[in-house]
Amino acid sequence: MRRGIVVVAVAFAATLIGACGNGPTIKSFLAKADPACKQGNDLVSVITVPSDVAGFTDFGTKLADNTNKTVAQLEALKAPSGKNGEGAKAFIAGLKKGAADARALAAKATSGDFPGVEKGAADIQTDFKDADSKARAYGSTQCGQAQADQAAKAAQAAPGAAKKAFIAKADPICAAANTKVKAIPDP
């Protein structure tokens with residue numbers, strides 16, 4: 001009889017320790033994370049994808065700001081511990097990297113760095129695609145989705161915007177040079 005009481009007590013203690021020490025599950029974390037990401041998606045999906053280099057300043061700033069808001073909400077949640085939390089940390093880190101690169105893209109656009117805008121747009125596309133893939137692998141249906149979509153559109157628009165900006169700067173220089181050449185008398 002005494003042995004039965006000890007077995008029951010040990011089993012009960014193990015259940016209590018297991019219940020208290022495990023923290024949230026992946027499912028319970030995602031039940032809170034996906035709505036936060038959905039809210040962020042709604043903000044990110046309406047950011048206008050620019051057609052000119054100057055527009056990448058506003059685009060990059062808004063993308064970074066809205067992504068950082070989502071990241072702050074995700075970091076405020078208690079993620080699962082141990083191996084169960086690694087996937088959450090990975091996709092959140094990917095979102096942070098994308099936000100930092102979006103901010104760098106905005107700075108490149110502000111300074112008129114045409115090649116930098118093209119590279120910056122490609123960088124955010126890679127960052128957010130990676131974050132989105134990691135979020136999907138973890139089980140999220142929302143996190144990283146709108147960022148990846150908008151970054152892909154920006155990467156597609158950047159070369160044309162950079163070319164247009166380059167031509168806009170080069171045309172007056174070329175026109176002035178042509179005027180000077182035409183002013184040179186024939187030999």
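Look through Thr67, Thr61 and report the one residue that is open to solvent by less than 40 Å² (accessible area, probe 1.4 Å) and among the hydroxyl-bearing types (Ser, Thr, Tyr).
Values: Thr61 fails: open to solvent by less than 40 Å² (accessible area, probe 1.4 Å).
Going through Thr67, Thr61 in turn, just one is open to solvent by less than 40 Å² (accessible area, probe 1.4 Å) and among the hydroxyl-bearing types (Ser, Thr, Tyr): Thr67.
So Ala137 passes all but one of these: (1) open to solvent by less than 40 Å² (accessible area, probe 1.4 Å); (2) more than 16 Å from Thr57 (Cα to Cα); (3) out of contact with any Phe, Trp or Tyr (no Cβ under 7 Å at 6 or more places or on another chain). Which condition number does it fail?
Here Ala137 meets the rest and fails (1).
Return the pairs, sorted by first residue and then second, in which the second residue is open to solvent by 50 Å² or more (accessible area, probe 1.4 Å) and at pLDDT 95 or above, the first residue lies in segment 86-107 and is under 16 Å from Tyr138 (Cβ atoms), the beta carbons are less than 6 Å apart, and the residues are 6+ apart or on different chains.
Pairs that qualify, where the first residue is under 16 Å from Tyr138 (Cβ atoms) and the partner is open to solvent by 50 Å² or more (accessible area, probe 1.4 Å) and at pLDDT 95 or above, are Ala90/Lys134; Phe91/Lys134; Gly94/Asp130; Gly94/Lys134.
If you scan segment 76-99, which residues turn out to be open to solvent by 50 Å² or more (accessible area, probe 1.4 Å) and at pLDDT 95 or above?
Ala76, Glu86, Lys89, Ala93, Lys96, Lys97
If you go through segment 108-125, how many residues are open to solvent by 40 Å² or more (accessible area, probe 1.4 Å) and without any contact (Cβ under 8 Å) to a residue 24 or more places away in the chain?
4
Applying the selection to segment 140-156, what residues are crowded, with 20+ Cβ neighbours inside 10 Å and part of a helix (DSSP H, G or I)?
Gln145, Ala146, Gln147, Ala148, Gln150, Ala151, Ala154, Ala155, listed by residue number.
The values are calculated or read from the model by the stated rules, or taken from the named source; none is laboratory data. Computed from a predicted model, the values in this text were never measured in an experiment. Positions of Cβ are backbone-derived with ideal geometry, glycine not excepted, and every protein chain shown enters the neighbour counts. Surface accessibility is based on the protein's heavy atoms, side chains included, excluding ligands, DNA and RNA. Shrake-Rupley method; radii C 1.70, N 1.55, O 1.52, S 1.80 Å.
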